[in-house]
Amino acid sequence: MMKKKFVFSLFFLFGTLLSGNIMAQESIERSSVITKIGGKEYYMHRVKSGQTMYSLSKAYNVSIEEIEMLNPEVKDGLKSGHMLGIPVKPVQEPEKEAPRPVAVVHVPEPDPVAIEPHPSLEAEPELVVDQPQMENPVGHPSGNRAFYDGRARIVQHGEDLYDIALEYGIDLADFRQYNPGLSDTPAPGTRVVIPKVINENDYLVHSCERNERVSSLLKRWKVDENVCRAMNVSVGSYVFDNQVVLIPIQPITDFYWIQREGNEEGLIGVVGEFVEPNDFQEHRYLDFDFDMEDMPDCDAAPKNAYKRYHVALMVPLYLNNIENVEVSKDKAAKTKKSRVMSFLQFYEGFMMAAETLEEQGMKLDLTVIDVTDNTSTAQNALKTIENQDLDLIIGPFFGKSFDVIAEYAKTNGIAVVNPMTTRKSVIEDSPNVIKTKAGDVGMILTISNLVKNYYSDANVFIVSNEKPSDSVFLNQLEHHLNKAINEKVTVSGNEFLQFARNESEHLKMGSRLVRTIDVEGQVYSTGDFQRGRTREIVLSNKVKRYPYGKIGDVKSQLSGVRENVIIAYGEDNVFATQILNSLTQSADRFPITLICAPDWQKHEKLLMDNLLKMNAIYVSDFFVDYNSDETKRFVLRFRQKYVVDPQQFAFEGYDIGCYFLNALMKYGSDNLIDCLHCHQASMLHTNYRFYYKNYMNAKGNEGKENLYWSLYQYDKENIELVPVNPLKKPETNE
């Protein structure tokens with residue numbers, strides 16, 4: 001029988017009971033995080049349990065009324081986790097205050113003692129730009145946000161101010177201060193100044209305008225509603241003038257920014273952990289089926305199936321907040337979106353997997369621990385597991401908590417699975433960490449394998465917004481695609497004649513045939529093919545790469561005699577819509593397959609007809625084939641057990657449970673990580689493919705990263721989404 005233990009944080013109960021008598025008496029340390037909004041500076045203070053309005057007003061030398069005016073939600077009471085904006089005022093009024101450059105908070109060598117700026121020095125941008133520069137900037141020591149030296153940035157087609165702010169982690173107030181008069185939608189080619197700010201947080205600060213809706217904020221900033229609301233627990237549907245809302249951002253850890261040498265425009269190039277193509281030492285093109293002959297074999301030992309395994313599942317259930325859950329019918333929809341309910345289905349899916357493996361004979365001791373984004377819950381989890389001889393840890397889900405557990409797991413030689421992050425940094429110098437979410441390397445290999453197995457003779461394009469942060473990825477993708485396609489493609493004269501007939505029909509020429517045809521920028525005489533003078537043409541084949549602003553060049557080089565594969569790389573809705581609108585007429589004349597990367601499935605308003613016309617293939621880290629018998633059985637079991645339909649986290653929890661628990665039974669805990677490249681299992685929402693060593697940057701001390709992205713497209717007969725296997729060559733009728 002599987003033994004299951006739930007671990008609750010008893011300290012929370014005692015902390016709550018004693019907060020009024022003890023915590024309120026403790027001094028509050030002022031936050032070191034300061035942001036600037038509308039020319040004024042504000043502390044960003046995250047409320048801790050036991051803190052009161054009175055203690056906050058004393059700590060920050062402001063009145064309770066001033067705090068309430070800026071944060072009206074506190075009138076209903078302080079809640080732990082709230083982020084408050086508090087005006088910056090000196091604790092004491094000194095006779096003379098030493099001036100400090102207005103660099104928000106972060107300068108290369110910060111003074112540990114916060115010194116308030118003299119009023120006469122507020123909002124002088126040149127003080128920021130003239131800060132000492134690093135000769136070879138490689139990022140801030142924290143590693144959480146990129147370093148930039150304050151030069152110009154050129155606005156690309158389709159970008160707006162919010163895109164650039166997200167890219168560099170810059171609050172709009174700072175952005176506008178250095179670019180006076182700049183609109184929210186600057187024209188392509190506009191030069192903007194990127195202020196020298198190092199943002200160490202996982203959020204930006206947005207000062208709201210009057211009558212602004214949260215829905216418009218989400219659309220404008222292109223952020224996930226659940227993540228945004230989790231960071232702004234007190235924000236309703238509307239916001240008020242100058243209300244502070246935190247915009248979640250993904251910390252940049254894989255890249256750092258430097259000025260590109262010899263670039264007069266001051267554009268920024270990215271140098272990341274990917275090496276340049278000419279520096280590849282081995283496995284320049286990885287094919288899972290044919291290019292891994294030196295891969296070590298792993299044999300499943302029968303004795304492993306009879307061992308008892310000790311596993312810890314660390315999932316954020318927010319059990320301390322369970323009493324706040326609304327259960328009335330009219331509050332049901334809101335409850336489903338609450339933090340308390342967010343990851344419940346992951347736990348339920350995992351438990352179904354554990355029960356399935358138990359039925360197959362697995363002996364499992366499972367400890368379920370509630371570990372949230374609060375690192376104190378991770379510290380408490382360590383106290384729970386420190387005396388257990390664990391074979392595997394799954395979770396935590398949040399970065400800082402995961403780092404705490406990962407360090408412990410590394411010291412004790414325990415494999416730990418990160419089920420959520422896309423950051424590659426979690427496996428760096430962490431050989432025991434397993435990252436299940438595929439990243440850039442996996443996308444390059446997945447798309448390259450797809451092209452190699454299905455479209456090796458195709459006319460291949462890469463079209464993107466060409467953001468500086470994407471340059472290394474796009475360079476690598478282009479390199480691998482050139483390895484995947486054939487350098488020379490032979491096309492028969494009959495194909496040219498068929499294209500000539502199609503062009504004649506398009507021009508409504510009746511029985512007449514066009515005299516010449518333009519194929520991929522080259523003009524050919526139709527008569528040569530008619531009279532048999534030219535029986536075939538050999539075309540040179542190389543990947544063509546364009547920014548979206550040159551989509552006209554793409555259309556001028558489309559081929560009428562072979563397939564055109566266009567890889568559209570860009571995940572925002574505007575870019576996706578523009579691509580479809582630009583190519584829809586061309587798809588009437590030319591055979592086009594559009595590869596949509598990444599995650600275009602989230603754009604619900606894209607026209608189905610255009611997607612079908614271009615044989616669109618989605619690239620995503622999540623796809624469930626509801627037509628498969630295995631999925632149907634899982635959905636039925638889940639409904640019967642939990643009286644609700646399974647959502648994304650349920651599938652992910654079930655797959656992670658099945659995959660890794662089954663791997664334990666085959667290879668045991670000692671060989672688990674080293675044998676993942678041999679382990680394959682039937683899964684519902686994706687597949688896992690682990691290479692036996694790090695592919696791009698083999699230092700020998702990295703963990704394992706899943707390299708598989710799901711591909712799927714519409715079946716034109718049934719208009720249903722069906723999976724596409726990039727590793728399997730299509731069947732041909734010979």
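The values are calculated or read from the model by the stated rules, or taken from the named source; none is laboratory data. Every value quoted in this text rests on a predicted model; they were computed, and no experiment measured them. Don't worry about glycine lacking a Cβ; one is built from the backbone with ideal geometry, like all the others, and counts go over all protein chains shown. Only protein heavy atoms, including side chains, enter the accessible area calculation; ligands, DNA and RNA are left aside. Shrake-Rupley method; radii C 1.70, N 1.55, O 1.52, S 1.80 Å.
Could you check region 353-371 and list, in sequence order, the residues that are open to solvent by less than 10 Å² (accessible area, probe 1.4 Å) and over 13 Å from residue 310 (Cα atoms)?
353, 357, 369, 371
Can you tell which of 62, 91 is modelled with pLDDT of 50 or more, touching a Leu at 6+ places or on another chain (Cβ under 9 Å), over 20 Å from residue 247 (Cα atoms) and outside any strand (DSSP E or B)?
62
Just need a number here: residues in region 228-248 that are at pLDDT 80 or above and of a type in the set (Asp, Glu).
So the count comes out to 0.
Residue check, residue 593 against (1) surrounded by 20 or more Cβ atoms within 10 Å (Cβ to Cβ); (2) assigned to a helix (DSSP H, G or I); (3) of a type in the set (Ser, Thr, Tyr), all met but one. Which one?
(2)
Within region 647-695, track down each residue that is of a type in the set (Phe, Trp, Tyr) and either touching a residue at least 60 places away in the same chain (Cβ under 8 Å) or farther than 22 Å from residue 355 by Cβ (or both).
Those that are of a type in the set (Phe, Trp, Tyr) and either touching a residue at least 60 places away in the same chain (Cβ under 8 Å) or farther than 22 Å from residue 355 by Cβ (or both): 649, 651, 654, 660, 667, 688, 690, 691, 692, 695.
Would you pick out the residues in region 201-228 that are part of a helix (DSSP H, G or I) and surrounded by 18 or more Cβ atoms within 10 Å (Cβ to Cβ)?
Within region 201-228, 214, 217, 221, 228 meet the criteria.
Report, by residue number, each residue of region 155-169 that is modelled with pLDDT under 80 and either touching a Gly at 6+ places or on another chain (Cβ under 8 Å) or part of a loop (DSSP other than H, G, I, E, B) (or both).
156, 157, 158, 169
Just checking, does region 171-192 include any residue being surrounded by 14 or more Cβ atoms within 10 Å (Cβ to Cβ), in contact with a Phe, Trp or Tyr (Cβ under 7 Å, 6 or more places away or on another chain) and either modelled with pLDDT of 50 or more or not basic (Lys, Arg) (or both)?
no
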